[in-house]
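Shown next, in structure tokens, is the structure this report addresses.
The values are calculated or read from the model by the stated rules, or taken from the named source; none is laboratory data. Small disclaimer: the values here were computed from a predicted structure and weren't measured. Cβ coordinates were reconstructed from backbone atoms using ideal geometry, including for glycine residues, and neighbour counts include every protein chain displayed.
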Amino acid sequence: MSVSDIKTGFSYKKLIVPAVLGLILVLLATLPVYTPSYTVVLMITILMYIILTVSWALFSGPTGYVSLAPSAFFGVGMYTAAILGKELHLAGMVIAGGLFSFVLALIIGAITLRLRGIYFAMFTFGLVVLIQQILLWWEITFTHTRGRFVIPVDNTTIYYIMLAIFVTLTLTVIFIRRSKYGLALQSIGQDEEAAAHSGVNVTLVKVFTFAISALFMGAVGAIVATRWTYIDPYIAFNPTFSFFPVLMSIFGGMGQLYGPYLGAAIFAYLEELLITNFEYYYMLIFGIIMVITIVFLPSGIVGLIQRWRMMKWWKGGLAKDDANT
Amino acid sequence: MLEVIHLNTFYGKIQALWDINLKINTAEIVALIGANGAGKSTLLKTISGIIHPSSGNILFLGKRIDNLAPHEIVEMGISHVPEGGHPFPEMTVRENLELGAYPYQSWKQKNDTLKEVFQIFPRLQERQNQLARTLSGGEKQMLAMGRGLMSRPKLCLLDEPSYGLAPKTVLELFKVIKTLRDRGITILLVEQNVKRTLETADRAYVIENGRIALEGKSGELLQNEHVKAAYLGG
Amino acid sequence: MPILEGTKVCKNFGGLAAVSEVDFCLNQGEILGLIGPNGAGKTTLFNLISGALVTRAGEIKFKNKTISKMKPFQICRHGIARTFQSVKIFPDMTVLEHLLLSAIFGSAGRIPTREAKREALNLLEFVGLKGLENVPARDLNLVRQKRLEVARALASRPEVLLLDELMAGLNPAEVAEAMELVKKIRDSGITIIMIEHVMKAIMGICDRIIVLHHGEKIAEGTPQEIASSKTVIEVYLGE
């Protein structure tokens with residue numbers, strides 16, 4: 001019995017959401033069958049952004065520790081694919097990418113999660129650049145190459161692996177959110193000292209959740225590498241990929257579970273739309289949209305939906321009052 | 001000096017204050033008593049401009065202030081020491097106090113006022129170079145009061161100044177309040193320590209559920225049956 | 001054997017001795033008062049007991065086991081819980097969630113979630129917050145937030161409860177209610193240390209009182225002894 005179940009009890013209404021989600025899953029699973037390959041490629045990009053954003057929000061959302069490390073873990077996954085791609089089966093490579101990122105995050109987390117707020121963000125950002133430069137130096141000094149090639153894989157396979165990561169991530173997120181660990185994570189974000197005094201092993205929960213989120217970033221990095229086929233330290237450890245999850249989470253809204261999903265999906269699609277239609281100005285327009293969102297919708301799309309719901313409820317209440325007088 | 005006329009204040013859609021009418025004369029100590037959540041802090045915040053009333057007027061020295069911004073109200077001579085004090089944690093005690101003298105007029109007399117405040121709160125002088133966040137709860141309270149006095153106000157709004165203070169310090173605090181009144185500063189005092197407050201204040205208002213329930217000379221209120229039962233513990 | 005004892009406990013902040021060679025002992029089932037002027041080191045002592053701060057010197061033992069080096073979550077699970085001077089609630093979490101967190105993570109054994117909920121609801125009634133389970137903590141007034149902190153502490157099934165200025169900001173009627181609650185808690189088998197400035201409460205319910213000043217223990221005794229002690233009157237009580 002999950003923590004949230006015992007709060008609200010059971011009703012048939014609760015089956016609607018899982019049913020709809022199941023339907024969406026079926027549609028997604030059969031996508032390559034009935035859509036052109038362009039859509040499959042588009043979905044790959046959208047899924048990539050969703051996975052990065054949701055795994056970022058998994059840790060940074062409830063705890064409030066803004067991590068700028070996604071690029072680091074993403075890149076580790078990519079390099080795993082480049083180095084081990086020939087030796088391992090595809091699925092194994094993806095899992096390996098995830099595991100290396102997981103271990104890296106455990107180490108980094110143990111060191112840095114004592115830092116507060118801005119220092120944590122700075123350190124994680126620095127980490128991306130650090131790994132990038134170390135690898136660059138390594139490649140110049142030892143392998144005498146610049147970058148690596150990754151064995152290409154056909155789009156349909158890439159899509160299905162992405163989908164598998166996406167589903168696993170979603171199940172993980174739902175499980176954590178509704179379990180006692182979700183409660184613990186939230187309490188850490190609200191008042192870390194009070195949480196510690198309530199018996200929460202704050203360090204363990206933070207580091208472990210940080211590592212889980214890194215695992216998915218690494219896994220998705222490994223499979224994306226097979227799509228990009230050529231990677232080097234600058235491509236794999238691109239700081240921009242650290243900022244995107246943050247922006248997309250804010251845009252979607254962090255108040256609800258589906259916020260980061262929505263934010264990432266809309267933004268990924270928007271980017272695609274803008275690149276194809278305004279190839280020279282797309283960054284500018286993107287930036288303007290971000291600024292407008294932050295100014296007018298600080299709670300993101302989720303905030304907008306919740307306000308709309310409150311309006312309906314309030315108006316409904318007034319209508320009932322009118323009906324009663 | 002201060003007149004509150006038919007004041008109504010809301011928090012979003014919830015009404016917190018209903019038709020408040022209040023008068024404070026120069027060099028008076030007026031107390032505001034009531035249970036937690038009755039609206040005392042809300043009233044102080046409305047007077048100091050942090051919250052805007054939905055209707056009604058507040059007149060200070062004959063001028064309307066209910067439509068002014070908080071800093072303008074401070075410039076006019078009203079100082080609000082909030083509940084809990086809230087000193088600036090990363091600044092020293094001295095810096096906190098100096099910042100209290102920010103309004104132009106008081107800035108010129110900063111050093112003299114500082115000497116006076118240190119006389120009133122010697123402990124602050126001891127700790128003047130310490131960061132405010134290293135102070136104990138009660139010391140932060142003292143610091144906030146000191147900071148409030150630095151702007152050389154004509155009217156002081158004190159929101160539970162005795163919160164978390166040791167008994168001896170509370171005695172000194174109420175002596176300080178009387179001293180301030182004798183120097184010509186008017187005081188509106190919100191307190192839970194009802195007995196001590198009524199013994200110190202000249203007049204008092206009792207606020208319940210956002211409305212003024214009783215008012216009068218504090219001596220009379222000390223004898224009032226309802227006040228005794230509800231606030232003095234029988 | 002006292003349930004909690006401290007020997008020559010010391011804590012410094014930079015050059016300032018916040019707590020200086022303090023000895024104390026707490027006997028099972030008593031209510032111990034901890035008083036002193038502002039800045040005397042009372043909350044610092046609580047922080048040392050609860051693990052929020054590390055002692056510079058000296059030892060703290062709980063049921064004869066040294067806890068001075070343990071982390072807060074470990075000390076909580078061993079059976080010491082506390083409230084905070086500045087009420088530290090989780091603003092966006094509901095009242096029930098506060099208690100569930102404490103019950104699930106803070107108690108010594110593994111409590112299944114269903115039982116935790118039942119206990120939590122009972123506790124809410126015990127402290128007088130019945131019916132408020134689903135209210136976000138930010139929406140409660142100060143008095144109720146303080147009760148919530150107490151309930152959250154109790155949910156971890158402590159043997160010792162540290163109350164930091166529970167009565168601050170309460171009017172006399174509310175103080176009387178809080179005093180009853182503290183007595184109820186003691187009657188249920190929990191030993192209590194309370195930091196307070198509200199003399200009515202301290203004198204009314206404490207069995208013994210310790211007085212701190214500038215980080216040192218300057219007096220210890222029954223309420224009567226403390227109330228008539230010249231040193232305490234001069235330094236703390238006034239008049």
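Reported count of residues in the stretch C:216-239, each being crowded, with 16+ Cβ neighbours inside 10 Å and away from chain B (no Cβ under 11 Å), is 7. The residues of the stretch C:170-180 that are of a type outside the set (S, T, N, Q) and at the interface with another protein chain (Cβ under 8 Å from one of its Cβ atoms), listed by number, are C:Leu170, C:Pro172, C:Ala173, C:Glu174, C:Val175, C:Ala176. When A:Leu204, A:Leu171, A:Leu274, A:Leu215 are checked against the criterion of being within 14 Å of chain C (Cβ to nearest Cβ) and assigned to a helix (DSSP H, G or I), A:Leu204 stands alone in meeting it.
Among residues of the stretch B:183-197 that are assigned by TED's automatic domain parsing to the domain that holds B:Asn224, those with a beta-carbon under 8 Å from a residue that is buried (at least 21 other Cβ atoms within 10 Å of the Cβ) and of a type in the set (Lys, Arg) at least six positions away or on a different chain give the pairs B:Val190/B:Lys40. Among residues belonging to the stretch B:184-213 that are polar (S, T, N, Q) and either in a helix (DSSP H, G or I) or away from chain C (no Cβ under 13 Å) (or both), point out the one that is surrounded by the fewest Cβ atoms within 10 Å (Cβ to Cβ). Ranking the qualifying residues of the stretch B:184-213, first place goes to B:Thr200. Out of all the residues in the stretch B:151-160, is one or more more than 14 Å from chain C (Cβ to nearest Cβ) and touching a Cys at 6+ places or on another chain (Cβ under 7 Å)? The answer is no, given that none of the residues of the stretch B:151-160 is more than 14 Å from chain C (Cβ to nearest Cβ) and touching a Cys at 6+ places or on another chain (Cβ under 7 Å).
There is at least one residue in the stretch B:136-148 that is more than 20 Å from B:Ala35 (Cβ to Cβ), away from chain C (no Cβ under 14 Å), touching a Leu at 6+ places or on another chain (Cβ under 7 Å) and not β-branched (Val, Ile, Thr). Scoring B:Lys45 on the criteria (1) closer than 20 Å to B:Thr186 by Cβ; (2) within 14 Å of another protein chain (Cβ to nearest Cβ) leaves a single failure, condition (2). Exactly one residue among A:Glu139, A:Glu87 is assigned to a helix (DSSP H, G or I) and among the acidic types (Asp, Glu), and that residue is A:Glu139. Residues that are among the small types (Gly, Ala, Ser) and modelled with pLDDT of 85 or more within the stretch B:95-146 comprise B:Gly100, B:Ala101, B:Ala132, B:Ala144, B:Gly146, listed in sequence order.
Here is a yes/no grid of residues against (1) under 19 Å from C:Ile218 (Cα atoms); (2) touching a His at 6+ places or on another chain (Cβ under 9 Å):
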position: C:Glu5; (1), (2): yes, no
position: C:Gly14; (1), (2): no, no
position: C:Ile35; (1), (2): yes, yes
position: C:Gly39; (1), (2): yes, yes
position: C:Thr43; (1), (2): yes, no
position: C:Val87; (1), (2): no, no
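Taking the stated definitions as given, is C:Ser86 surrounded by fewer than 18 Cβ atoms within 10 Å (Cβ to Cβ), over 30 Å from C:Glu115 (Cβ atoms), at pLDDT below 95 and not basic (Lys, Arg)? In short, yes.
Of the candidates B:Gly219, B:Gly137, B:Gly164, the single residue that is under 30 Å from C:Ala227 (Cα atoms) and surrounded by 24 or more Cβ atoms within 10 Å (Cβ to Cβ) is B:Gly164.
If you filter the stretch C:45-72 down to residues that are on the phi > 0 side of the Ramachandran plot and touching a residue at least 40 places away in the same chain (Cβ under 8 Å), you find that the one that is nearest to the other protein chains (Cβ to nearest Cβ) is C:Lys63. Scoring B:Pro89 on the criteria (1) surrounded by fewer than 17 Cβ atoms within 10 Å (Cβ to Cβ); (2) at pLDDT below 85; (3) within 14 Å of chain C (Cβ to nearest Cβ) leaves a single failure, condition (2). Just one of the listed residues (A:Thr203, A:Thr240) is of a type outside the set (Phe, Trp, Tyr) and over 29 Å from C:Ile49 (Cα atoms), and it is A:Thr240. Residues in the stretch C:149-179 that are among the aliphatic types (A, V, I, L, M) and farther than 27 Å from C:Phe73 by Cβ: 7 in all. Of all the residues that make up the stretch C:16-44, how many are in contact with a strand residue (DSSP E or B) (Cβ under 7 Å, 6 or more places away or on another chain), part of a loop (DSSP other than H, G, I, E, B) and away from chain B (no Cβ under 12 Å)? Number of matching residues: 3.
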